[in-house]
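The structure appears below as structure tokens.
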């Protein structure tokens, strides 16, 4: 069984080597963007709920709190969950031309 981190790393390597885009039969660009935004928002909320709140970090040089520390793998977990969400909605990653999101 492969770990989610390994699968995410593999996905990142593949994305670095080839341009991939989400595709779903019958979905136009507006629907795709709406679904992608919803999946990213859902993933961010899910990671935030599951991540423990860590105490503020004190900068030893100044003795001041610099804010809450974050887990290093948070963005990877968010991306993995967003990808799962998109697949659950019927999308798949396919090779294609890069398009601008804006």
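The values are calculated or read from the model by the stated rules, or taken from the named source; none is laboratory data. For clarity, every value in this text was computed on a predicted model and none was experimentally measured. Backbone-built Cβ (ideal geometry, glycine too); neighbour counts: all protein chains shown.
Scanning the range 89-102 for residues that are within 30 Å of residue 3 (Cα to Cα), over 17 Å from the mean Cα position of the chain (by Cα) and either assigned to a loop (DSSP other than H, G, I, E, B) or at pLDDT 95 or above (or both) gives 90, 96, 97, 98.
Conditions tested, residue by residue: (1) surrounded by 16 or more Cβ atoms within 10 Å (Cβ to Cβ); (2) in contact with a helix residue (DSSP H, G or I) (Cβ under 6 Å, 6 or more places away or on another chain); (3) outside any helix (DSSP H, G or I); (4) at pLDDT 95 or above.
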{"site": "32", "(1), (2), (3), (4)": "yes, no, no, yes"}
{"site": "45", "(1), (2), (3), (4)": "no, no, no, no"}
{"site": "67", "(1), (2), (3), (4)": "no, no, yes, no"}
{"site": "75", "(1), (2), (3), (4)": "no, no, no, no"}
{"site": "87", "(1), (2), (3), (4)": "no, no, no, yes"}
